[in-house]
Each structure stands twice: as C-alpha cells, then as structure tokens.
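Undergrad: My questions will all concern the structure given below.
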Amino acid sequence: MRYLGKALPRKEDLRLITGNGRYLADIESKNALHMAVLRSPHAHARIVKIDLTKAKQFPEVIAAVSFEQLGAMGKKLPMLVPHPALRSETPYPLAKDKVNYVGEPVAVVVATSRYIAEDALELIDIEYDALPVVGNPEDALKADAPLLHMEVGSNTAAMIIEKTGDAQSAFANADVVIRSKFRIGRCSVQPMESRGVLAIPDTLGNLTIWDSTQSVHTIRRLIVGFLGLEEQQVRLIAPDVGGGFGAKNRLYPEEILVPWLALQLGRPVKWVGDRMEDLMASYQERDQWHEAEMALTKDGKILAVRDHFLADNGAYTPFGIVVPYTTAITIPGPYKVPNFYAQMTCVYTNKTPVAPYRGAGRPQGVFVIERLLDLAAEQLGLDKAEIRLRNLIHTKEMPYDTGLFSRDGRKMIYHSGDYPQAFQQALDMIDYNEFQKLKEDYRKEGRYLGIGLANYIEMAGLGPFEGAKVKVDPVTGKVTVSTGAGSQGQGHETTLAQVCAERLGVSFDDVKVVGGDTGAIEYGVGTWASRVAVAGGNAVSGAALKVRDKALKLGGLVLQADPMDLDIVEGMIQVKNDPDRNVSLQKIAMISVDPSRSTQRHLPEGSHLPDDFQPGLEESFYYYPSALTFANGTHAAIVEVDPSTAAIKVHRYIVVDDCGKVLNPMIVKGQVIGGVAQGLGNAIYEEMIHDNNGQVLTATYMDYMIPTSMEVPDIQLGHMESPDPNNPEGVKGCGEGGVVPVPAVINSAIDDALSSFGIYTTETPVSPFKLWKLLKKTKGEEKTDGN
Amino acid sequence: MTQNNLNNITVTVNGKEHSLSVEPRMLLSDVLRDELGLTGTHVGCEHGICGACTVMMDERPVRSCLVFGVQANQAKILTVEGLSNADGTLHPLQEAFREKHGLQCGFCTPGFLISACHFLEENPHPSREEIREGISGNLCRCTGYQNIVDAVEMAAEMLSKDKISETDQCTVQAEHPAGI
C-alpha cells in the first residue's frame, strides 16, 4: 500500500489556511441582490395581516414577498424519507395563515444590500393573533391540547413499534427488572458557517445555484421539482462548506425562495443566514422523553429491554421519522438483547423542526441502554464494567443478527469487530482497575472523582449508492475524481484521492477530487450518516479500477504485451519484468482520444483501436452497498465534580474505535476527537431552552454554550481495525461514533463521582446548573452509608 | 440606507493602503470582505463570541464584527491573507495547522491563526494549558481543539528556533496584494 492507511496531509488545507477558501458568502456575483427573512416572533400564532407596502417603497428595495405573492410556489415543501405510518407536515416556503415556531419564515425582502434588506424588514406591517402554545410532547398528547396541524387531526405525527423476540414474557420471567425515565435535551447543530444560498439566472431561464449544502444532487432534484424546472436547467454547487453535521442536509424554505426570486427578478439573489437565524431556524435534534426498562437474570444477563418514548419533533417533519427510528434500533447496541420492544411516538410541538444532527438519534439510544446498565449494575451489586462484559456480543457469535431492521429495510447484522477486546482496551487505557484507589485518594483531599463507561455501535454506510467519475487528463496526465458527495471538512479531497491513487496506480499528488457539484457527475447522494468512506470510497475504487483496466488494455496494444503482464506505477504503465518498456497514462489517454492525428503515431504499425473502443480514460462507477456497516467502540472518562458549585471537569477521556480499514489515520483521529467535543457539548453545555410561550431563550452564543478549548480535554485514542467483509475496501465509517456515547459516559461518571450524595442523573445535558439543583435537593449532604 | 451618509476612511490592510467611503454603520468585517474583497476573514456569529472574524488592528486582535469600519480609519489591519510572506512562504502557524491537522472545515481557521499569532507574541513559550486559554476566545465546531493546541505548540517551537521570532510576527513587513 503506497497511499491507503497513511496519514497524508490534507490537500484542502493550503487554500483554507491562507484565506483562499471559498465559502458561500465569499462567492462573488456582480449585481447580486440580497434577501433578508422576516421570521416569526411567536411560537404559535395566526397571521391576521401582512402589509408590505412600506417595505416595498423603501429605496433600493427590489421586492417584498409574503405567502400571498408566492402564487404557484405557495405549496408545501417536499419531505425526505417518507414512512407509511407518518402523517407528515412540511412547511410552505413562507408561512400561510399561521406560524408554528419561533423563527419560521414569514416574509422576505430583496434589496441591493443586506443592510437595506434588514432595514426594510422593520417596515413590514404585520399583525399576529397569538395561539396557545404546545410546549412539550406530553402536553401535546393531552386531549385538550391545541392542534398544530388541523389536517393531521392530532399532534401525533407517527407511532411506530420496533421489536424482536417476546419482551413481555421475558419481563414476566425476569429475576430483576429496573426502570427509569430519561430526558434528552434539544441541541442545535451550529456549524461555524451558517446556511446560505446564491442563485444566478441566465437569459435562458437556467440557474446556477451555490448552496452551502451536504447533498447537491438531492437538493437540486427537490428544487427543480418544486420550481417546475428540469434537472438539466440547474447546476447546483456546494463550495467550501464551513461544517454541516446534518444541519445542511435537507431542503429549507430559503433554498426555494432564493432561486425562485432569482428567476422572477432575472438577477442573482443571495441569502446568508446570520447566527440568530441559525440558532432559531436551522433544524435541531436530540429532544426525546423515554420511559425504559430492562429485565435481567440475577447474574446480570440482559433478557429484554422495553422502551416507550416520545420524540419532540417540533413543528414539521421535513426529514420523516429518521431520528426516533434510529434511536429505537440503536438501543441494543453491541449487547445481546434477545427480546426488545420500542414504541416511539413522534410528536408535533411549537418548536423548530427536528432533523438528523451528527449521530442522528444514536446518542439517545446509547444513553438509554448505558444508563439502564449502570442502574442494573447498582441493583445487582455488580461492577459497571463487569455487567457490560457479560452482555457484549463476541466475535465468535458473528454474524450477529439483532432481529431489527435499518430504516432502509436492511437487516441489522453485525459482521465483524471485537467488542469485548475494544472494551478491555479502553479499561486498560483508563487504568480502570486502579481507579478506586485514585478516587479514594481524591476523596481524602475533599475532591470527587467518578468514572464513566459506554459502548456503541455506529451504523453507517447507508445507500442507496454513491458515484465517482475518474478521468485521466489527456494533456497533463493528471487525474480528476468527481463525486456527488461534497466535503464539509471531512477531508474527502485527501482520502478519496488516496483511494484513487492506490487503485489506479498514480501519484497522490496528481489526483484532484471534486465533490459537491452536480456539473461534475451525473448522479450523487451526499455526505451524511458516515457514508462517504463506504459508499464514496468504494465508488472511487470501482471507477479507478475500471480506468485501470481500460488503460492496461490499450497499454498492452501500445507496448505489444499481454495486459496481464502490465502494472501501473506512479502513472506509468510498465511491463512487470521489464519496467523500461513503459508508456505513461497521459499518453494512453491521449491515444484514446487522438490515436492518429497527433504529431506521431503511437500505435504499432498494423494495429488499431478495437472496434468497440470508447474515447478517453474516463469511467464512472456507482457503488450500491450490499449491507450496512457497523463501526464500534468504547468511550471512558474520568470526571471531577465540585459538589459546592456543581462544576464539572473532565480529567481524562479515552476512545477506542474500530471503523474497519482506515484510509487516513490522521483524518479518522480528527473525526473522532471532533465528535467527542460535540458530544461533550451535548452532554454538559448545549441545550435549546424555551419559555412557556415557546420563546427561544438561547438565541445567541451568550446563552447557547458551545464548548471552548477550556472545556474539551485532550482525548486519548486507542485503535482497532476489523475490516468490513461486505465492501471491497473494508471500510465502515467514522464520522459519528465520536459524538454518540459521550452523554452516557458523562452522566455515568458524574453519578459515580457523587454516589455518596445519592445523585442519579437522568437528563442530558447534565449542565452544572441542573446538577446544582439536584445537589440542592439532597441539601448537599452525603449519605452516611456511602451509597 | 441612502448613499448620502458616507464617511471617507483610509485603512492599511496587509501593508496596502486603501481609501474608501463607507456608511458609519458598516462593520469592519463587511468592509474587509465586501469593499476590499478580502474574504479570508469570516463572519461566524456577528456578536463577538465565536472569534471567526478576528483580525489584528494596530497590533491588537479585534473582532471585526464588533468594530465599525469608520473606527478603523487610519488603522493598520492584518488579516489572514497577510499572514504568510509576500513570496507565499507560509507563516509557521499556517505550516503547523496543516501539519497537525488543526483544521477541518476551515471556516474558523483564519480567526484562530490571527488569535494564536498574537498570543505567541505575548507568550512565546507557552504551556499547553496556556495555549488552551490563549485560544479560548475562538470557537471551533470540528476539531475538538486538541489538534489546534498541538499546532500552536508546534508553531511556538518553530518560532523560537527562528530568527524572525524576534521581529513582530503580526506586523506586516511587506505589501500583500489585496483580494484573492
């Protein structure tokens, strides 16, 4: 292996560290008009009147639009990922009659500058009639609850059961049953670059749309469908994208409004969301209420898990029920759970809609089972590591069929990995056996230390497919890889180039990767669900091997050798035993398009290109994963809590991950550590908080706390590598595992630290303030029995 | 807003002097990005928390989203575009960020580079904890900070071995081309 598995430095970095990146806001467009959005200040209200007159009359305002002016565009946005049990509601591009969450777009103004457009928003005369607010899912389901969507007839968007085995009998026959409620708070995604769109029309009614999105082909398809255009009329490009994490992976109203206005006005229109818009109106996640129970034998073996949960979905279901569904099927994780029952109820409330955020439902599922295991250990008098070891699936039990199905209907079967070994490695790294002594030493100093553990499964590699086009330039010999999956910082320009260089046999320096441009490749899916290494990596590999095959055939003709006897090394096709007989890929690419008109004839006398030959060294390959991949790992942390202030400090954080074959260890490490940092935000600091009227109380970074370098400790990584047997490159995906188990680990560690106070935390984030309130309930007194 | 309320300002950005007319309310970040075409400075939160828009103004780091363009009149500004030498040689911090994988999406990176540059001037031999504190005014959502701390640590070593550490790293020595 020349390139795969190596920590090669990133190709994308040079432009980004010199200020030459091009993010959406940086894309220049002469004559661009700027759109600003008037957003609802109410969580639930009827729109009585909108008068745009004054705004329209304001100097340099070109247009002002509310629902009434949308005409044929006044229809509901399409949804992604439908489900038969889902009574789906999606928003209109601008609110019709009524608003359902704070931040919902109500009107837009287009002006010659963003400053002026924002000025003019102030001049829109709008009158609301406030309606009762549905603030949480429990209230939403009460008989007299106000309805968000009359058409649905209730606030239940979907009620779905996922199960395997017979949980009821298992509970009836269990030695021990434990129960707990859990509340997982609502987080905002918060990529550092907010969302934005720029649409540039041409005189023929075609559009170039620049969009800070994760899925260019999908978003283009949705936009053209909505606007009544053909795919060929629109090129959609995601330039450098300043973080996505799921927030930029669906169709928002602004992505309809900007291109529509550009077509209407015949001029480029640009919208770049500001931070307050992003905190209020970019879709959010987590937010679930669980009532879970676990049945066990007296020696701590899990017999069954049962969970009823409410998913607070917010006002619309733009992404179906992906989040709660993923939670349900994630709960068993790496453990043997022979009987399982999860009933999820997805509920409409007057909050910003929920859609997948990094981890997408998985952190909630892991939180449920790991907290149940901690409780069970306590009840059974078992060590929290021991109970996990007794239930982890062993390698010899693989392939292990969980009995559950993924959201694309595939069986959840784990094929490879050594879960007990990963767990043991993490225990060793964190000196688990020495911890009690450390804890006691700290206690002697009046300090409170706790240890937390959690295991996870990261379901990745979702289809349906990803594509790649590999082309050797006939003039320069350099190679371009085009793929539908763009990068939001994951480093695809580097990892996918490594795959291409390795499989084609060219220099890494000669490969350029283009992602996130519908003009570069015909079909694509996008970057989400840790799928790019699996679906995209294997697509690049497949396309590179096709180009290689074709190059070797033609190379055989040129070198008068059997293609089987040829190899490609750093861009040169050479005879294996006689490397001086060689020809460059560049020359082969040139011959393939221009075999005889060049300055010299390249083909041997009397030979010619085969009759069925196609020009160019250029091949596309679309890879459809045959099975899901399941990465796995263990997290462990040592946390200190100060009971007088409830301050939480993470002393150590350990991750052992196994994401199959590693394309670039530096990038995998970066993904894992970055994930843990977001997880610590979810676990301790970040929560969207609303008052009783549904007002957002965390609409700035003064209130919504993103962890800084002071809150995130250095993270120690251990590593395992079990190749995935179902895809050629053996990869599994590593984008989300880092974030998934963190809340479970932190709560576990905090409870351990404060065990003498009888503290048991069931919420995430377990912010210092919440912990302080819990400690106040105990009156700050330690139980004398040390329990 | 109408054009009759413009102020003339002169700013020296990355060694090059610019005279322009701006509205009093126009933010320095917008002056740099929209008027001068220097889009390396990014606008992240527009309320002074995230630090993505950090630039040096008269040798002090400022949030360019909290400074009006008119306040920068007669000031010397350094943006990320001026951090490397005029011949394209990268600043040790830029080298170190690349070497240590101190960036992922890269959006917050220019702000980090400027903040770290000033920090290393004030404290050329920092401990790891001091680095963490030194960059704590900048938010990054991708890296988890660890690699950024590694990068600043590496840059400190590079600078301490380098003669140019005796000169003021955050003062532009040569004129840089405006725009990209």
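Undergrad: If you take the Cα atoms of the stretch A:93-166, find Rg, then find the Kirkwood Rh from the mean of 1/r over all pairs, what is Rg/Rh?
TA: Checking Rg against Rh, the ratio lands at 1.18.
Undergrad: HN-Hα J couplings of the stretch A:264-274 from phi, Karplus 6.51/-1.76/1.60, θ = phi - 60°, integer Hz, Gly and Pro as x?
TA: Working through the residues one at a time gives 4, 8, x, 9, x, 10, 10, 9, 10, x, 8 Hz.
Undergrad: Let me know the charge dipole size of the stretch A:521-570 about its Cα centre in debye, to the nearest 20, where only the beta-carbon of Lys, Arg (+1) and Asp, Glu (-1) is charged.
TA: Here the size comes out at about 240 debye.
Undergrad: Compare the Cα positions of A:Val662, A:Val742, A:Ala753 along the charge dipole of the stretch A:657-787 (+1 at Cβ of Lys, Arg; -1 at Cβ of Asp, Glu; about the Cα centre) and return the one farthest towards the positive end.
TA: Selected residue: A:Ala753.
Undergrad: Check A:Lys512: other-chain or 5+ apart residues with amide H under 5 Å from its amide H, H built from backbone geometry?
TA: Under 5 Å from the amide H of A:Lys512: A:Val479, A:Thr480, A:Val481.
Undergrad: Would you calculate a helix-derived [θ] at 222 nm for chain B, using -39,500 (n - 2.57) for each DSSP H run of n ≥ 4 and dividing by the full residue count, to the nearest 500?
TA: Helices in chain B give a 222 nm mean residue ellipticity of -7500 deg cm²/dmol.
Undergrad: Oh, and also: Could you tell me the largest-minus-smallest coordinate of the C-alpha atoms of the stretch A:194-342 on each of the three principal axes, in descending order and whole angstroms?
TA: If we take the Cα atoms of the stretch A:194-342, the spans are 75, 32, 27 Å.
Undergrad: For the stretch A:298-396, what does the equivalent ellipsoid look like in terms of its semi-axes, each the square root of 5 times an eigenvalue of the Cα gyration tensor, given largest first in whole Å?
TA: Working from the Cα gyration tensor, I get semi-axes of 30, 13, 11 Å.
Undergrad: I've got another one for you. Highest mean first, what order results for A:120-132, A:652-664, B:58-70 on Cβ atoms within 10 Å?
TA: A:652-664, B:58-70, A:120-132
Undergrad: Here is a further query. Give me the one-decimal nm value for the distance between modelled label points at A:Lys776 and B:Glu130, 7 Å along each residue's Cα-to-Cβ direction.
TA: Placing both labels 7 Å beyond Cα along the Cβ direction yields 4.0 nm.
Undergrad: Using Cα centres only, tell me the gap between the stretch A:516-581 and the stretch A:630-664 in whole Å.
TA: Centre-to-centre (Cα) distance: 40 Å.
Undergrad: Summing +1 for each Lys or Arg and -1 for each Asp or Glu, what net charge is found among the other residues whose Cβ lies under 12 Å from the Cβ of A:Tyr685?
TA: For residues surrounding A:Tyr685, the net value is -3.
Undergrad: Please report the net charge: other residues with Cβ closer than 11 Å to the Cβ of A:Thr483, K and R +1, D and E -1.
TA: -2
Undergrad: Using the Karplus curve 6.51 cos²θ - 1.76 cosθ + 1.60 with θ = phi - 60°, what ³J(HN,Hα) values do you get for each residue of the stretch B:76-83, in whole Hz, with x for Gly and Pro?
TA: Listing the rounded values in order: 9, 10, 10, 10, 4, 5, x, 6 Hz.
Undergrad: Which whole number in µm²/s is D for the stretch A:413-497 by Stokes-Einstein, with the Kirkwood Rh taken over Cα pairs at 20 °C and 1.002 mPa s?
TA: The diffusion coefficient I find is 117 µm²/s.
Undergrad: Then there's this: Leaving out same-chain residues fewer than 8 places away, which lysines sit with a Cα under 24 Å from that of A:Lys669?
TA: List returned: A:Lys6, A:Lys11, A:Lys248, A:Lys512, A:Lys649, A:Lys661, A:Lys732, B:Lys100.
Undergrad: Counting only other residues whose beta carbon sits under 11 Å from that of A:Asp13, what net charge do I get with K and R as +1, D and E as -1?
TA: Residues close to A:Asp13 contribute a combined charge of +1.
Undergrad: Still on this model: What is the distance in Å between the Cα centres of the stretch A:41-102 and the stretch A:127-181?
TA: 28 Å
Undergrad: Testing the spin-label approximation: label points 7 Å from Cα along Cα→Cβ at A:Met710 and B:Glu59. State their distance in nm.
TA: 2.7 nm
Undergrad: To continue, here is another question. Within the P(r) computed for the stretch B:65-151, what percentage of the Cα pairs occupies the region above 18 Å?
TA: 46 percent
Undergrad: Let me ask something else about it. Can you spot the aspartates and glutamates whose alpha carbon is less than 17 Å from A:Lys163's alpha carbon? Ignore those fewer than 8 places along the same chain.
TA: Leaving aside aspartates and glutamates fewer than 8 places away in the same chain, those within reach of A:Lys163 are A:Glu291, A:Glu293, A:Asp307, A:Asp401, A:Asp408.
Undergrad: What size of dipole, in debye to the nearest 20, comes out for the protein assembly as shown about its Cα centre when the only charges are +1 on Lys and Arg C-beta atoms and -1 on Asp and Glu C-beta atoms?
TA: With Lys and Arg at +1 and Asp and Glu at -1, about 1460 debye.
Undergrad: If you filter the stretch A:409-460 for GluC sites (Glu not before Pro), then keep DSSP loop positions with at most 11 other Cβ within 10 Å, what is left?
TA: Passing both the DSSP loop test and the Cβ count: A:Glu445.
Undergrad: Okay, moving on. How large is Rg/Rh for chain B, to two decimals, with Cα atoms and a Kirkwood Rh?
TA: 0.98
Undergrad: Right, next: Per residue of the stretch A:504-514, in order, report the coupling 6.51 cos²θ - 1.76 cosθ + 1.60 (Karplus, θ = phi - 60°) as ³J(HN,Hα) in whole Hz, putting x for Gly and Pro.
TA: Once θ is set to phi - 60°, the couplings for the stretch A:504-514 become 7, x, 10, 6, 4, 5, 8, 10, 10, 10, 10 Hz.
Undergrad: I want to check the label-to-label distance for A:Phe613 and A:Thr645. Put each point 7 Å from Cα in the C-beta direction and report it in nm to one decimal.
TA: Spacing of the two 7 Å Cα→Cβ label points: 7.6 nm.
Undergrad: OK, next. Give the average, rounded to an integer, of partner chain Cβ atoms located within 10 angstrom of each Cβ in A:670-679.
TA: Mean partner shielding for this stretch: 5.
Undergrad: Let me ask something else about it. For the stretch A:43-133, place one equal point scatterer on every Cα, skip the solvent, and apply the Debye formula. What is log10 of I(q)/I(0) at q = 0.19, 0.22 Å⁻¹?
TA: These q points yield log10 I(q)/I(0) values of -0.93, -1.11.
Undergrad: Next question, about the same structure. Measuring from the lowest to the highest alpha carbon on each principal axis, how far does the stretch A:484-609 reach, largest first, in angstroms?
TA: 53, 31, 21
Undergrad: Give me, ordered by chain and number, the residues 5 or more places off A:Phe405 or on other chains with an amide H under 5 Å from its own placed amide H.
TA: Correct list: A:Met412.
Undergrad: For B:Lys16, which lysines qualify as cross-link partners when the Cα separation must be under 26 Å and same-chain residues fewer than eight apart are set aside?
TA: A:Lys30, B:Lys76, B:Lys163
Undergrad: Here's a follow-up. In 20 Å bins starting at 0, how do the alpha-carbon pair distances of chain A split up by percent?
TA: Percent of pairs per bin, in order: 16, 45, 31, 8, 0.
Undergrad: Could I ask something else about it? Per DSSP helix of 4 or more residues, -39500 (n - 2.57); summed, then divided by the residues of chain A. What does that give at 222 nm, rounded to the nearest 500?
TA: -7500 deg cm²/dmol
Only the coordinates and a few stated rules stand behind these numbers; no lab work does. The structure presented is a predicted model; accordingly, all values stated were derived computationally and were not measured. Methodologically, a virtual Cβ is constructed for each residue, glycine included, from the backbone with ideal geometry; neighbour enumeration extends over all protein chains shown.
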